[in-house]
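The values are calculated or read from the model by the stated rules, or taken from the named source; none is laboratory data. The shown structure was predicted, so the numbers you read here are calculated from the model rather than taken from an experiment. Every residue, glycine as well, gets a Cβ built from its backbone with ideal geometry; the counts of neighbours run over all protein chains shown. Each accessible area value is taken on the protein alone, full model and side chains, heavy atoms only, with ligands, DNA and RNA left out. Shrake-Rupley method; radii C 1.70, N 1.55, O 1.52, S 1.80 Å.
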Amino acid sequence: MRDIMPVNGLFEMPTLPYEGLGDIISKETLSFHHGKHLKAYVDNLNKMLPGSGMENLPLSEVVKKSEGGLFNNAGQVLNHAMYFEQFSNQTSPMGEKMKVLLERDFGSVEAFKKEFEQKGATLFGSGWVWLSVDAQGKLVITQQKNAENPVTMGLSPLLTFDVWEHAYYLDYQNRRADYLTALWQVVDWAVIESRL
Ligand code: MN
């Protein structure tokens with residue numbers, strides 16, 4: 001994954017590379033999710049960093065070393081930066097390398113997607129479902145609560161779907177499973193493969 005560095009001791013707002021994602025995620029959802037929720041996490045992180053002893057560390061290091069409120073805000077900035085970056089209105093299809101890895105570790109691309117959706121749908125409360133690479137190079141799917149990120153478990157994250165209600169409630173209400181199924185249509189596999 002591409003880490004995020006602070007600029008003059010502060011983290012910048014991750015960019016949103018699109019305004020809307022067609023019928024999959026509305027502009028209204030994105031304006032709240034990126035413009036309000038993520039903005040608050042970035043602002044809180046920057047308020048908590050001074051004096052923490054973690055100024056000038058890459059964001060993933062802050063996530064690994066922090067706890068409490070600093071961990072929650074640092075984790076949510078890293079999680080959302082990866083989430084928003086991985087979607088596009090002009091997606092690149094999955095490449096051969098990714099396809100071979102998914103087939104090796106899950107049997108088929110469809111079996112991988114089914115397990116990923118199922119783990120996202122069954123995560124109780126707020127959190128994230130992740131695809132990561134473990135220390136042996138194997139692909140693994142994890143459910144992470146609240147602000148957790150797989151880097152804290154020694155994993156290298158590739159793909160994530162946000163299952164906090166704020167990510168889907170305006171468009172899908174309580175139908176989290178429908179949101180998860182729809183998201184595949186806007187995943188840009190070139191971005192996911194760049195994280196390998
Ligand atoms: Mn979110």
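With a 1.4 Å probe and every protein chain kept in, tell me what percent of the accessible surface of segment 25-151 is carbon plus sulfur.
52 percent
Hey, what's segment 61-196 come to in accessible area per residue, 1.4 Å probe, Å²?
43 Å²
Enumerate the lysines that Lys113 could reach by cross-link, defined here as Cα to Cα under 27 Å, with residues fewer than 8 away along the same chain left out.
Lys27, Lys97, Lys99, Lys138, Lys145
Going by amide H atoms built from the backbone, whose H comes under 5 Å of the H on Gly127, apart from near neighbours?
For Gly127, the qualifying residues are Asn146, Val163, Trp164.
Per DSSP H run of at least 4 residues, take -39500 (n - 2.57); add these up for the chain, divide by its residues and hand me the 222 nm value, nearest 500 deg cm²/dmol.
-12000 deg cm²/dmol
For a paramagnetic label modelled at 7 Å from the Cα of Thr15 toward its Cβ, which residues of segment 174-195 fall within the zone defined by backbone nitrogen distances under 16 Å?
Inside the label zone: 191.
Which angle between 0 and 90 degrees, to the nearest 10, do you get for helix 96-106 versus the longest principal axis of the chain when only C-alpha atoms count?
Approximately 80 degrees, to the nearest ten.
At R0 = 25 Å, how high is the FRET efficiency between Met5 and Ala190 if r is their beta carbon distance? Nearest 0.05 is fine.
The value I calculate is 0.65.
For Ser108 and Lys27 in one chain, what is 0.36 nm times their gap in residues minus the Cα-Cα distance, to one decimal in nm?
So the chain would gain 25.9 nm between Ser108 and Lys27.
Largest first, how would Arg2, Arg195, Arg104, Arg175 line up by accessible area (1.4 Å probe)?
Result, largest first: Arg2, Arg104, Arg175, Arg195.
From the backbone phi of segment 140-154, what are the Karplus-calculated ³J(HN,Hα) couplings (6.51 cos²θ - 1.76 cosθ + 1.60, θ = phi - 60°) in whole Hz, Gly and Pro given as x?
Per residue, the Karplus-derived 3J(HN,Hα) values read 9, 9, 10, 9, 10, 7, 6, 9, 5, 9, x, 4, 6, 9, x Hz.
Please state, rounded to one decimal and in Å, the Kirkwood hydrodynamic radius that the chain gives when every pair of distinct Cα atoms enters the mean of 1/r.
The answer is 17.1 Å.
Quick one: what are the phi-derived ³J(HN,Hα) couplings along segment 56-66, Karplus 6.51/-1.76/1.60 with θ = phi - 60°, whole Hz, x for glycine and proline?
Taking θ as phi minus 60°, the curve returns 6, 7, x, 4, 5, 6, 4, 4, 5, 9, 9 Hz for segment 56-66.
State whether segment 65-153 is rounded, prolate or oblate according to the following rule on the C-alpha gyration tensor (a ≥ b ≥ c being the square roots of its eigenvalues): a/c under 1.5 gives rounded; otherwise a/b larger than b/c gives prolate, and the remaining case gives oblate.
prolate
As I understand it, the value is the acute angle between the Cα axis of helix 39-48 and the longest principal axis of the Cα atoms of the chain; what does it come to in degrees, rounded to 10?
Tilt relative to the chain: about 40 degrees.
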